[in-house]
Structures are given as C-alpha cells and as structure tokens.
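Okay, so here's the structure we're looking at.
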Amino acid sequence: MISPARKDRLVCQPKRPAPVHIRDNGPVNQADQDAPETSRDDRSPSDAAADEHAGAGRGSRLYPRVTSFRSRRGSLTGPQQSAWDRMWPKIGRDVGDDLLDTASWFGREAPLIIEIGSGTGTATAAMAKAEPHVNLIAVEVYRPGLAQLLQLVEREQIPNVRVLRGDAVEVLEHMVAPESLTGVRVFFPDPWPKARHHKRRLLQAPTFALIASRLKPGGVLHVATDHAEYAEAIREAGDAEPLLTELDWESPITHERPVTKFEDKAHQVGSTITDLIWGKIK
Ligand SMILES: C[S@@+](CC[C@H](N)C(=O)[O-])C[C@H]1O[C@@H](n2cnc3c(N)ncnc32)[C@H](O)[C@@H]1O
C-alpha cells in the first residue's frame, strides 16, 4: 500500500516538494583529490584499471555493462598497498561465479546490505559503524577506493564490512542469492550525462529488476544522486519495477545515511541531492 503523503516524503520528484535528505554543505575534504571523479562529464565511470576489473570480458547480457575503465590513477600509495596486503586476504574478494556464503565470510548471520559503487568508502565505514547489526558489502571497481576503505576498516577496527572488487551487476547476477538482501544502496552512481551515453547508466530497468530479485520481501533499495535528470530517469525506472514500491512499513535498516565523499563535491557546486527509496513488496 502506498501512502501518498509518505511517497512525497520518500521520493524526490521534480514537481513535488522536499526530498527526504537534502544536506547542508559539508566541509570539503582535501582527500577528494584521491577520489574518483566521474560525474558531470563523459569520463568513464571510474579510474579503475581494466586489467584489475575481475568482472570484465564476460559474455553479453541485458544489463548495462561497465566497459571503459581507464587505468588512470589506478595504482596505490605505499600505505594503501600495505593496507591492501594486510586486509584484502581477510575481507576482500574479486567478483566470481560462486554464490557468496556470507555467514561464513562475516562469521555471523545478520541482515545483509550491499553498497554499489562505494568509491573511497568513507560513507561505507560510517554506515557500518552506525549499523553494527548489519553485514555490509561494498562493491567497487576502483581499486584505490577499495584500498582507502581497507585502511579505514583496519584503522577503525570495523568488523562488519567486506569488500568485493568488480562490476556490481556481475556480483548481483552471480554471487548473490535471490531474496537474500535486506538492502541495496547506490549513492551517486555515475550519471553519464550525455544522451548518447545514457545506455551506460547503471540504474536502468533491467538493473532494477535484478536488484529487486535479490532483495528480500521488505528489503530496501536506497539511491541518491545529485543529477536531476538522472534522478528522474531513476525514479521512473524504479516506479515501473513491479516488485518495488514506496516504503510504508518498518524496515530493519535505517534510511539515514552519511554524506558521501562525492556528495561533498556536489554540495560545493550547490547541487540538489535527491534520495529515492523503494521497498520490495512483501
Ligand atoms: C560518482 S562515484 C560515487 C562514489 C561514492 N558512492 C560516493 O558517493 O562518494 C561512483 C562510483 O561507482 C563506481 N562504479 C561505477 N559503476 C560500477 C559498477 N558497475 N560496479 C561497481 N562500482 C561501480 C565507480 O568506480 C565510482 O567509484
């Protein structure tokens, strides 16, 4: 059941008022210099090295494929490499064909949330600390970003994060069982603003169908973007997915989220942030 009042609060639509989370400008973090810069132009969706993208080169599929990773800035600093060497064997893995056994990977049974495109992982770490009762998997193709998350996890001793390197669509298709996820979060997906590049966007109807199939009944998909036209396209695709609807029940996970590193930049240029939230029909 969709409550119109709640729908207006939860889903930002251009002609409707107040999206759920419009954040104040946060401080600009100099470490952004190290972050992937992927929005507002037609650059590739990340700086990840193609030869490090474990999911590249598979057969054709319906979903938008991440095809054009560049190797620009794909190498790690010394401290990042050290953290990688220590932490990757413990909490990292590459995309593959085997279903994840998350209870054994995390060492416990807990609600499972996947964050797609975790970037440098600052929001991932914050969410994991704020929600110690969930198992959180960060999926990212950008190795230096994953390395920064590994550094954070090690430094702050965060027990409930695991990292997966590769294309999130491949991860969802091959490694995640149907109806196994409590949540999927996609914060600031690359907008590919040029019309001829829209086909590269991650969040299109087939990806919504895939995400919906992996969510448990009652599971939640939370998307945020600073790109108004992409927000509208995302909303249309999400609203058209028959397994998803506006959230009108209590969820086991929070809908609050930390400001992400990319979002800091969006605030800097005065962009409006749109949060869109769907629940899988029970
Ligand atoms: C604009 S950045 C946002 C990063 C982070 N969520 C934030 O808000 O700071 C988008 C991120 O998604 C990653 N990405 C893009 N397509 C992806 C895919 N198919 N699978 C996994 N990560 C992807 C990029 O490498 C990039 O780090």
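FYI, it's all coordinate maths here, none of it is from the lab. In this text the structure is predicted, and so the values were computed from the model without any measurement. Using ideal geometry, Cβ is built from the backbone for each residue, glycine included, and neighbour counts are taken over all protein chains shown.
Listing for the model above:
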| quantity | calculated |
| --- | --- |
| Filter pass, Ala147 being buried (at least 23 other Cβ atoms within 10 Å of the Cβ), touching a Lys or Arg at 6+ places or on another chain (Cβ under 9 Å) and in a helix (DSSP H, G or I) | no |
| Residue count, the stretch 267-282 (criterion: among the charged types (D, E, K, R) and surrounded by 15 or more Cβ atoms within 10 Å (Cβ to Cβ)) | 2 |
| Any chance Ile116 is β-branched (Val, Ile, Thr) and under 13 Å from the mean Cα position of the chain (by Cα) | yes |
| Qualifying positions in the stretch 92-128 - more than 16 Å from the ligand (Cβ to nearest atom) and surrounded by fewer than 17 Cβ atoms within 10 Å (Cβ to Cβ) | Asp97, Asp98, Leu99, Asp101, Ala103, Ser104, Trp105, Gly107, Arg108, Glu109 |
| Residue in the stretch 160-167 that is assigned to a loop (DSSP other than H, G, I, E, B) and touching a Gly at 6+ places or on another chain (Cβ under 6 Å) present | yes |
| Scan of the stretch 159-172 for residues that are crowded, with 19+ Cβ neighbours inside 10 Å and more than 9 Å from the ligand (Cβ to nearest atom), ordered by number | Asn160, Val161, Arg162, Val163, Leu172 |
| Leu149, sole failed condition from (1) within 20 Å of Ser213 (Cα to Cα); (2) aliphatic (A, V, I, L, M); (3) without any contact (Cβ under 8 Å) to a residue 40 or more places away in the chain | (1) |
| Test result for Lys261, of a type in the set (Lys, Arg) and more than 15 Å from the ligand (Cβ to nearest atom) | no |
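For (1) crowded, with 17+ Cβ neighbours inside 10 Å; (2) more than 15 Å from the ligand (Cβ to nearest atom); (3) charged (D, E, K, R); (4) within 17 Å of the chain's Cα centre (by Cα), each residue gets a yes or a no:
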residue	(1), (2), (3), (4)
Thr182	yes, yes, no, yes
Arg185	yes, no, yes, yes
Pro193	no, no, no, no
Arg196	no, yes, yes, no
Arg200	yes, no, yes, yes
Thr207	yes, no, no, yes
Leu210	yes, no, no, yes
Ala224	yes, no, no, yes
His227	yes, no, no, yes
